[in-house]
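Colleague: Below is a structure I'd like to ask you about.
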Amino acid sequence: MHLLSPLALAWLCSIPALIWLWRYATSRRQIRIPSLVPFERLLRRAPTHRTRLLVNWLFWLQLACLLLAALALAEPVLVGHSARTTLVIIDTSASMQASVGGPSAFGRAKQELLTRIARKEPHERMVLVASAPVTPLTREPLSDEVQLRGLVQRLSPSDVGGNLALAGRIGRAVVGREPDAILILTDEPPPLHADSAVEVRSFGSALPNVAIVGADLSDPLCVPATASETGEPPNGHPSARLLVTVQNFSDEEQPLRLSARVPDAQDVAHTLTLLPQQRETIPVSLPGGIEGPVTIRVETARDALAVDNQLIVSLAREGRSGGAGQQIPVVLASERPEVSQVIGRWLDACPRIAWHVMDATNPPTPRSGADAPADSILITDQAELAASWPSTSMMIAQHSSGSPRLTLTHWLIDSSHPITSYLEPLESVVTALAPPPQSSVGGLVGASGEPVLWAVSEDRKVPLVLASERQGTRRVTFLLDPTATPNSVPLTLVFFNSLRWLAGSRRFTVTGEPLTFGFVEPGRVRIERPDGAVEWRDHPGGIFRYEATDRTGRYRVEGPPRAIERTVNFVHPIESNTMTRSSTWSADPSAEPTTDAEASARYPMVHWLLRLMLIILVVEWWLYSRKGRHET
Amino acid sequence: MPAITPLDPAFLSRLETLRLAARRIQWGARLGGRFPINRRGSSVEFADYAQYAPGDDIRSIDWNLYARLDRLFVKLYKEEIELSVEVVIDATASMGLPTREKFARATHLGLCLAYIGLAGRHQVRLSWMRPGGLSATSWCTRRVAFDRLERFTQDVVPGGQVTMGEWARRAVAALRMHGGQVMWLSDCLTPPAEFFRAMHLLMIKRLEIRVIQVLSPEELQPAHLFRGGVLVDSETGRTHELNYHPDELARAVGEHNEQLDRFCKRNGILFVQHRLDEPLETFLLKTLTARGVLE
């Protein structure tokens, strides 16, 4: 309770007003009495000012109402012994929608939660937290069964991935202390190490699912940078621009049909069969000059999750390689002139690349008339610069001048990574190259990502290329020394195909990522969501960002000067994998045991005060009407 | 305003044990009536023995007593008179306040006294002190006339203002009041001078006066009645903003009543106060008997 609540203090000023009104009404009231004769002697004396307030029951009731209102405005709470508080985390991630002809895991979890609410003790309080996106559904612990049931009934799964541990931390913050019990309703398997106070109800089951797990735009950089230098692009698809990666998350073969709906052109379809757990990158040949959204759909016989079967990619958008004729901006930054010289010579061979050197000692030298935009691809051998670069980058590991040359044979490619679709032409190469300075990748300064290309050298597996992708930003660590054998065809192939993967960076937004709608003038902005809901936002002007992208589909923003549409896709291999899951729950090491002082519960009294005030008003009305009847 | 409720017959039957008490035979009381008084007279009701003296009627000598005591005694008998009982009920506006029960109680009290009078075979008349022409019933001597008196009270509503002395002057002349008893039922909230004047006029007519002051408890403790504001006199319409201490108000009422009581005692008038919170039956059977109004 805030005793110094400004509203409560202001409301207390109404009490003198009530007293004044009563005194005024009293002084104006005429009372017929039998006779003034007995008071003749008193009447001769001058009347003195009244010092006593003459009131009746109505005054005291009105005063009680005013005091109750002031008390209610102070928001008092009753501190008592704590009732049991349960933190309920319900998994609303996309995988909870998975089902094959039966109720989904979310439906069963919801029913279980409703049953728990119906069976709970009257004073037991609950805090509900949804895990995807992490949202506390209750602002404070609630014991009202009706409110809890209403919240659960309105809940629906989203199209984003979830994190139970994060939801647990948010829930603890809402409770304000360590809850007495934690109930987790999820489709994830139970965690290996869970506290006894944590009850995990898992509704998940292994269900077959085929999902689109990635898509790249693969424009040819330059004709010579291909496998056989014959002018034939990789995979034998001369007009392939889109690489769609699908994966079979089941223990059985899955025949699938992948179709691409192209605007103003005939649909493109592919049919293939995926082995259990197989990931396959399918090149989709698109006619040249295509602009607009391309809708890719995957159809299989047995599929548990529908949201990951469709992808919409917008072609010919602004960007570095949105069209075949656009140039790719590249920034080269190296302390060693020989590295800049070799890389520059390679880059000069590709007319679509507009590169320039960025050096601290020498000013940038544009070679193709292009400035260095923020989303340029950085090629550098400086680990710090690569780590701080905001967009896609390639880091070339530094080698000492005296490194021995090794013969590398049998290049090995990690087939589970999307970059493999670019590296496939290098399956068997025998060459002598300078190996990485250390066989252990972890010891290499600036190296990050997982190895996607190895070579065998003297019976040991040597990583050559590391790749990582985080929030749409790709990074390649090139462990080979380009200055050692600058004319090596395999080396240039690896370089350019890695560059293609970097240039083919994702061209779509996935759920959970913010949407940027460009410049919008100040005013009210209307947002139409894919689920039919409409939101209004006050926008101060400038770039408009919308972050609540928890549904796949089209988001339409209407604000001056125009209406803009953006599409959000669902690409989440972890959520799509309904076969093998791992729990995202982890015990919070910072959680402290509840002390007795913290165990005291705070029960808001505002509702009770308002009810009491209403009762007093009714009694007052009854007394007033009764008095009026008697007077008539 | 509701009508005066009729008195319960069972209650009336209990009143038949009571009789009006007359302290002295005033001029105007007619001898030969049926009301025995403690005066040696010629009725058949035995009163006492007395020593025979020459000149006494020898027919009144008790010869049996002479045979036993060998002394002469004469038997004495009570005198019987017939009283004229005038019951005056105050019907001014003040009798309707602070509650309507005040006038109803005064009317019931007057009817009870009238019934006791009729039961004692006196001639009884009801009259109301109110503005306008004098209103009074005719003299009733038989108990059957009580219904007529009761019906007459149904139409009387308190209201208006009348000066007590002026009304007494007109009533004495017009109603030919002389001798007998006057039962004055009023709240006595009138200027003392007017009260004294009225009493004097009645005393001049040799009437035996009993004043019964009917008051509500709130009138005796005005602080509970006057909850602030402008006070309006129900009779004169005079207004006044009363801003005094509750004790002062109660003291003023007490002094007013004491002034009237002192005057009555000095002039041999019975002054009895009746509070509305006292039951009517208790007041009749105990209070009035103890104060000598009834016996």
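Colleague: When only Cα pairs under 8 Å and 6 or more residues apart are kept, what is the percent relative contact order across chain B?
Modeller: Contact order relative to length: 19 percent.
Colleague: Ok, one more. Can you list the GluC sites (Glu not before Pro) in region A:482-582 that are in a DSSP coil and have 12 or fewer other beta carbons within 10 angstrom?
Modeller: A:E547
Colleague: Counting heavy atoms of the protein chains only and a 1.4 Å probe, report the per residue accessible area for region B:100-214 as a whole number of Å².
Modeller: Result: 36 Å² per residue.
Colleague: In addition: Highest mean first, what order results for B:210-218, A:7-15 on Cβ atoms within 10 Å?
Modeller: For the peptides B:210-218, A:7-15, the packing ranking is B:210-218, A:7-15.
Colleague: Moving on to the next point. Whole angstrom only: what separates the Cα centroid of region B:165-192 from the Cα centroid of region A:495-545?
Modeller: Using only Cα atoms to place each centre, the spacing works out to 106 Å.
Colleague: Same structure, new question: Ignoring ligands, DNA and RNA, please state the percent of accessible area on region A:102-192 from carbon and sulfur, probe 1.4 Å.
Modeller: It is 52 percent, rounded to a whole number.
Colleague: I've got another one for you. Do you know which residues of region B:158-190 lose at least 30 square angstrom of accessible area in the protein assembly compared with their chain on its own, with a 1.4 angstrom probe?
Modeller: Buried by 30 Å² or more upon assembly, which counts only protein chains, are B:L189.
Colleague: Keeping every protein chain present and rolling a 1.4 Å probe, give me the accessible area per residue for region A:85-205 in Å².
Modeller: Roughly 42 Å² per residue, with all protein chains present.
Colleague: Which residues of region A:21-38 bury at least 10 Å² of accessible area once all protein chains are present, versus their chain alone (1.4 Å probe)?
Modeller: A:T26, A:S27, A:R29, A:Q30, A:I31, A:R32, A:I33, A:P34, A:S35, A:L36, A:V37, A:P38
Colleague: Give a quick list of trypsin sites (Lys or Arg not before Pro) in region B:70-109 that DSSP marks as loop, anything other than H, G, I, E or B, with at most 16 other Cβ atoms within 10 Å.
Modeller: Filter output for region B:70-109: B:R71, B:R100.
Colleague: Still on this structure: Could you tell me how many degrees, from 0 to 90 and to the nearest 10, lie between the Cα long axis of helix B:246-266 and the main elongation axis, the longest principal axis, of the Cα atoms of chain B?
Modeller: 30
Colleague: Let me ask you something else. When the accessible area of region A:513-595 is split by element with a 1.4 Å probe, what percent falls to carbon and sulfur?
Modeller: That share works out to 51 percent.
Colleague: Taking 8 Å as the Cα distance limit and 6 or more residues as the minimum spacing, I'd like the relative contact order of region A:85-205 as a percentage.
Modeller: So the answer I get is 36 percent.
Colleague: Given a 1.4 Å probe and no ligands, DNA or RNA in the count, how much accessible surface is buried by B and A, both sides, to the nearest 100 Å²?
Modeller: Between B and A, the summed buried area is about 2800 Å².
Colleague: Let me know the mean shielding of B:229-237 by other chains, meaning the per-residue number of their Cβ atoms within 10 Å of its Cβ.
Modeller: 5
Colleague: Hey, another quick one. Enter the accessible area per residue of region A:514-569 (Å², integer; probe 1.4 Å; all protein chains in place).
Modeller: Using a 1.4 Å probe on heavy atoms only, each residue of region A:514-569 averages 53 Å².
Colleague: Got a number for carbon plus sulfur as a percent of region B:115-181's accessible area, 1.4 Å probe?
Modeller: That share works out to 46 percent.
Colleague: In the Gaussian network model of chain B, springs joining C-alpha atoms below 10 Å, which of B:L113, B:L72, B:L149 carries the largest mean-square fluctuation?
Modeller: Among B:L113, B:L72, B:L149, the largest mean-square fluctuation in the Gaussian network model of chain B belongs to B:L72.
Colleague: Let me ask something else. Roughly speaking, what is the centre-to-centre gap between region A:102-176 and region A:251-293 when only Cα atoms are used, to the nearest Å?
Modeller: Result: 39 Å between the Cα centres.
Colleague: Also: What average count of beta carbons from other chains do you get within 10 Å of the Cβ of residues in B:89-97?
Modeller: 2
Colleague: For chain B, with a Gaussian network of springs between Cα atoms less than 10 Å apart, report the residue from B:A252, B:A50, B:A145 with the top mean-square fluctuation.
Modeller: B:A50
The values are calculated or read from the model by the stated rules, or taken from the named source; none is laboratory data. Small disclaimer: the values here were computed from a predicted structure and weren't measured. Every residue, glycine as well, gets a Cβ built from its backbone with ideal geometry; the counts of neighbours run over all protein chains shown. Areas reflect the complete protein model, heavy atoms only, side chains present, ligands, DNA and RNA absent. Shrake-Rupley method; radii C 1.70, N 1.55, O 1.52, S 1.80 Å.
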